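J.: Got a structure for you, written out below as structure tokens; questions coming shortly.
Every number in this text was worked out from the coordinates using simple rules, so none of it is lab data. Model, not experiment: these values are computed from the prediction. Every residue, glycine as well, gets a Cβ built from its backbone with ideal geometry; the counts of neighbours run over all protein chains shown.
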Amino acid sequence: MAAGTDGPTPISEADRDTAVRRLQEAYANGQFGFEELDGRLQRALTATTPDGLAEALTGLPEPVAQPDTRSATILTGDALGGRIRRRGAWRVPRVLTVASALGRVRLDLSRAVIEHPVVDIQLLLGTGGAGITVPRNAVVDLTALHAGLNQPRYRARRTVRPGGPVIRISGGMGTGRLRIRHSLW
């Protein structure tokens with residue numbers, strides 16, 4: 001390359017991760033099928049220039065601003081699958097976004113540290129299934145969840161002790177199934 005000539009701007013890993021997340025969200029929201037997701041992910045993961053990355057995102061709406069990152073955590077599976085699993089004594093943020101195109105998701109909040117009276121969990125799932133275990137005294141709200149082919153499996157507790165957190169689950173699911181259960185302790 002001659003002196004004074006600038007080459008193409010390299011793509012950062014953060015840019016590539018953002019593109020993969022946007023593709024997974026679009027797939028989970030039904031904007032395109034699995035074959036198109038596969039092709040777009042391949043283009044995004046092998047792109048070497050910003051133009052190549054933009055080509056993988058052609059036709060997608062501009063991203064909505066993410067919630068304040070001090071109160072939001074985003075968990076994602078790898079590009080085509082992978083497992084997302086949280087259990088034990090982990091700190092649950094006020095807003096939790098979980099994105100996975102094909103992988104399985106397991107969230108166990110039964111022993112987690114929940115410091116907020118309301119926790120919002122946004123699911124962006126494709127074909128993988130998800131299981132969420134909530135505390136015994138939690139109230140679960142599924143009104144903002146857009147299920148795909150399979151309706152969530154959840155049976156609300158008849159009696160709930162006051163003072164438990166409200167777990168609001170929203171987002172979209174493709175063909176995977178969501179199972180929610182209350183902890184026994």
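J.: What is the Cα centroid distance between region 25-41 and region 82-98, reported in whole angstrom?
T.: Here the answer is 24 Å between Cα centres.
J.: Amide H of GLN122 versus every other amide H placed in the peptide plane: which residues, excluding those fewer than 5 positions away on the same chain, fall under 5 Å?
T.: Answer set, sorted by chain and number: LEU96, THR97, VAL98, SER170.
J.: In addition: Cβ neighbours within 10 Å, averaged per peptide: list 130-138, 43-51 in order, most packed at the top.
T.: By packing density, highest mean first, the sequence is 130-138, 43-51.
J.: For region 72-182, compute Rh as the Kirkwood radius over C-alpha pairs and then the Stokes-Einstein diffusion coefficient at 10 °C and 1.306 mPa s; write the answer in µm²/s, rounded to an integer.
T.: It comes out at roughly 115 µm²/s.
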